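As structure tokens, the structure follows; a few thoughts come after it.
Each reported figure results from applying straightforward, stated rules to the coordinates on display, with no laboratory input. Because the structure is a prediction, the values reported are computed rather than measured. Reconstructed Cβ throughout: ideal geometry from the backbone, glycine too, with neighbour counts over all protein chains shown.
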């Protein structure tokens, strides 16, 4: 009998954690933070000092008591975003199990452990997309290459004697990625032909009736803004997701075509770029200076401010986070003289929660007081929309579907899509945090 335990990420977007139980063995997929609640607690500089129990109490990490008597044999994070790996430093030590992750994801986990001053009890096994790992006599783990907005993302397939459970958080079907390979359709077809018992899939954009554009579209958008706008004599500042290495590569390429020196400013940028360098996937960043900490950033900005048209600045703070580099530039914490006509590019969307909306509104108001030109939403998403979700259902053809990675409206939207695709209600499983589903 296969059981799906929906530990976290089924009431909201964030703190993703799902477990699959077969017989007396359990495999955990993802172990993420609820970023808003984590940061709201006096900022992440203070929140990381809390115990796992205290973090559960404030809703920052999954409440995993449903697994307290389970024999967990593996923890499998599918990619490097904090809503999927950020709780590992706090929860993984509770389980006598290895962490199996792609090389980039493993680098980020090790960086987080170091950043939070935690010691890693669990062994980390690095496994590339396209590989399999024998977990036990009954369970085999397979990594299928998938496209998303960070490196080395995989869809995980857990092969059991009763069929395969596929875990597809997060994904998009990008057939022209600007970095890395397109989804491994041959592996998906083989897995489908062998029989997929259950597909656990991202429901975030189930209400968005479109197909998510390729990252190559975002590349062209950035080129249009950075290379076709008159930037002579002006500061050019770009902010985006620090984990989006393909996007950073495009920004660097544009900066070099503009004849500007590219500088990265911010702690999370340093973490994600250095991790990519460690696995040989950030050659574009060779020669780029990265300032990680506040005093170092302040000194660099003071110098840049004297000749700002010689630089392209890539900074943290795309959601308006008060402690990030861009907010501190805008509010005067850092010595940087904005002038009328300076350019700020937001290569991102606002992640839809109240805190982000408030922070971004405040940041943009501050920038507008400096008469800065703002370019918003120079971006495409890393999540598949409704038509991507439809295609993934058809590609895997599972017997059962579990909508995940979303609030009730998002998950209901995916359930409605599954009904459109001919699935009967008893094969579509809407669950909440801390519940279990029996797949027969």
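The table below gives the values:
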item: Cα centroid separation - region 291-324 against region 83-103, whole Å; result: 32
item: Difference of contour (0.36 nm per residue) and Cα-Cα distance, residue 278 to residue 54; result: 77.3 nm
item: Degrees separating the helix 408-420 axis from the principal Cα axis of the chain, which is the longest one; result: 60
item: Region 350-440, relative contact order [Cα under 8 Å, separation at least 6], %; result: 22
item: Over region 221-290: Kirkwood hydrodynamic radius from C-alpha pairwise inverse distances, Å; result: 12.6
item: Among 316-329, 271-284, the order from most to least packed when residues are scored by Cβ within 10 Å on average; result: 316-329, 271-284
item: Equivalent-ellipsoid semi-axes of region 215-375, from the Cα gyration tensor, Å, largest first; result: 21, 18, 17
item: Calculated over region 255-302: convex hull of Cα atoms, volume per residue (Å³); result: 71
item: Inter-centroid distance (Cα atoms) of region 342-389 relative to region 178-251, Å; result: 16
item: Degrees separating the helix 267-278 axis from the principal Cα axis of the chain, which is the longest one; result: 70
item: Cβ-Cβ FRET estimate between residue 118 and residue 299, R0 fixed at 35 Å, reported to 0.05; result: 0.70
item: As computed over the chain, the Cα convex hull volume per residue (Å³); result: 126
item: Gyration tensor verdict on region 51-188 (Cα atoms; rounded if a/c is under 1.5, prolate if a/b is larger than b/c, oblate otherwise); result: oblate
item: Two-decimal Rg to Rh for region 313-440 - Kirkwood Rh, Cα set; result: 1.18
item: Length-normalised contact order for region 215-375 - Cα pairs under 8 Å, 6+ apart - percent; result: 28
item: Sorted peptide list for 66-75, 226-235, criterion being average Cβ within 10 angstrom, highest first; result: 66-75, 226-235
item: Within the chain, helix-based [θ] at 222 nm, where runs of 4 or more DSSP H residues each add -39,500 (n - 2.57), nearest 500; result: -9500 deg cm²/dmol
item: Whole-number percent relative contact order across the chain, with pairs defined as alpha carbons under 8 Å at least 6 apart; result: 19
item: Highest average packing first - 155-164, 236-245, Cβ atoms within 10 Å; result: 236-245, 155-164
item: Most fluctuating residue given options 38, 336, 293, as computed from a GNM of the chain linking Cα atoms under 10 Å; result: 293
